[in-house]
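What follows is calculated from the coordinates using simple rules that are stated; it is not laboratory data. Bear in mind the structure is a predicted one, so any value in this text is a computation, not a measurement. A quick note on method: Cβ atoms are made from the backbone with ideal geometry, for glycine too, and the neighbour counts reach across all protein chains shown.
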Amino acid sequence: MDEQFPDSGRVMGGNTPEFSVAEISGAIRRTLEGTFGRIRVRGEITEFKRYPSGHLYFSLKDEGGKLSSVVWRGTVSRLGLKPENGVEVIATGKISAYGERSSYQMVIDRLEYAGEGALLARIERLRLSLAEEGLFDSARKRPLPFLPRVIGVVTSAQGAVLHDIRTTIARRFPHRVLVWPVPVQGDGAAERIAQAIAGFDRIEGSPALPRPDVLIVARGGGSLEDLMAFNDEGVLRAVAACRIPVISAVGHETDTTLVDFVSDCRAPTPTAAAEMAVPVRAELEAALAQRDARLRGGLGRCLQLARARLDRAAAGLPDLPGVVENARRRLDDLGYRLDLALPARVHAMRGRLQNASDRLPAPHMLLALRRADLARVGTASQQAMGALLRRREAILAGLRVPPAVLVSQLRASTSRLAGTGGRLDALSPRAVLERGYVLVTDSAGRPLAHAAQARGAPEVVMTFADGKVAARPLGEASRTQGLLDL
């Protein structure tokens with residue numbers, strides 16, 4: 001007791017020792033640190049906070065209690081994993097007291113996941129969350145290029161993975177390989193892998209640094225803890241955001257990580273990833289040679305068929321020299337006949353022209369006839385002009401008659417005109433029709449004065465005072481009576 005409390009000899013008012021607050025706090029701190037030393041505590045992270053100073057504060061809890069914990073800024077990079085609320089971990093560190101607040105806490109320098117069950121539960125929660133966002137949808141996965149020019153590889157610079165990928169590519173189809181070396185497990189591995197994927201995606205492409213056409217993210221086998229970097233959310237989002245098709249080849253064939261779900265293609269091994277990235281050059285050359293042979297064979301057969309059709313068509317054509325010779329003979333014969341026919345045609349046309357010329361009257365006779373016609377026309381014109389002059393004189397003489405005489409003459413002319421009109425009306429056929437008579441004509445308009453004429457006509461037209469009516473004779477019995485069927 002005296003060793004822990006050096007000033008315990010001071011006693012006031014009895015045997016109860018008296019201590020200062022600093023002495024009690026220091027004694028409790030020494031007791032805690034001396035009793036527990038370096039320890040490992042298992043619990044679930046809760047109340048996690050990251051302060052601007054860089055220190056991390058959180059609590060570890062289980063069914064029976066809660067332990068305040070701190071991670072100093074200088075230890076964060078070596079912690080081993082990223083603390084998150086709800087993750088069950090095993091924390092390694094020491095117990096220390098904080099006298100100013102009368103509290104104790106665990107100073108942690110390392111964190112580990114608490115068994116595979118906790119790791120699997122964390123992975124499953126992350127998988128469900130990302131699946132709801134659509135990062136695992138097959139619709140967003142892109143096809144791999146058939147023959148990439150440049151292949152990017154994100155893996156460790158040491159180990160057999162990179163050697164296997166390079167050897168496989170060189171064996172199948174040599175291509176340029178760009179390697180971005182990263183740690184594939186341990187502290188900071190997930191951040192480095194995500195940075196490498198994003199770095200490849202940012203390459204614009206140049207002769208010195210070409211942009212990869214396909215990306216391989218690979219590592220060898222290991223435990224679940226070793227593969228946790230490829231279950232990190234940052235790595236998964238970097239793969240989902242990458243515009244380059246990504247092939248994941250993490251672990252052995254039985255190992256499964258979340259990066260396999262978000263990548264465009266999953267390979268069971270790194271060697272299989274290299275085989276997916278490039279085809280076998282020998283197989284391509286053999287396939288090309290086979291296609292070339294098939295094309296050549298098909299072209300040869302087409303040429304043979306075309307040649308055979310040409311030969312058959314040539315056999316069906318007539319003898320060209322014979323055709324030309326016959327045409328030449330016909331041309332000579334037609335030329336000879338033309339030479340004979342042209343003079344005969346000219347002679348015949350000349351004879352017809354002469355006959356027509358002989359039948360034409362002499363020009364002086366035509367002129368004499370036209371002069372005689374003009375003379376007759378002139379005489380008739382002079383006579384008409386004289387009659388017009390005489391008529392003009394008569395009109396002028398009539399204008400000199402007194403008005404009373406003109407009125408008397410007009411009245412006499414009107415009386416004579418009325419008498420003449422009356423006589424015309426009395427003799428007009430229409431006046432007769434007004435009295436009930438009918439004018440019968442045939443269809444041509446010829447008058448029919450007798451019934452026999454009407455019976456012989458197929459159709460008659462009867463003209464009344466107010467119009468015409470067409471009619472046809474009745475049957476044989478009725479014709480004897482002279483009746484018409486209107």
Cα→Cβ-extended label distance, 7 Å offset, between residue 472 and residue 355, nm: 5.6
C-alpha long axis of helix 21-36 to longest principal axis of the chain, angle in °: 80
Helix-only mean residue ellipticity at 222 nm for the chain, each DSSP H run of n ≥ 4 adding -39500 (n - 2.57), per residue, nearest 500: -16500 deg cm²/dmol
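Using packing as a proxy for protection, rank 289-295, 87-93, 150-156, 198-204 so that the peptide with the highest average count of other Cβ atoms within 10 Å comes first. It would help to have the intermediate numbers written out before the result.
On the way: 289-295: 10.0, 87-93: 20.0, 150-156: 24.1, 198-204: 14.3.
So the peptides 289-295, 87-93, 150-156, 198-204, ranked by packing, come out 150-156, 87-93, 198-204, 289-295.
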Which label in (1) 2.91; (2) 0.94; (3) 2.68 gives the computed Cα Rg over 2.2 N^0.38 Å: (1)
Footprinting exposure proxy for 163, 175 (fewest neighbouring C-beta atoms within 10 Å first): 163, 175
Spin-label pair residue 243/residue 38, simplified geometry with 7 Å Cα→Cβ offset, distance in nm: 5.0
Between helix 281-316 and the chain: long-axis angle, C-alpha atoms, 0 to 90°, nearest 10: 20
Nearest 10 degrees, 0 to 90: helix 115-133 Cα axis against the chain principal axis: 20
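Write down the percent of antiparallel bridges among all DSSP beta bridges whose residues are both part of the chain, to the nearest 5. Provide the component values of the computation, followed by the final result.
Details: 41 of 60 bridges.
The antiparallel fraction comes to roughly 70 percent.
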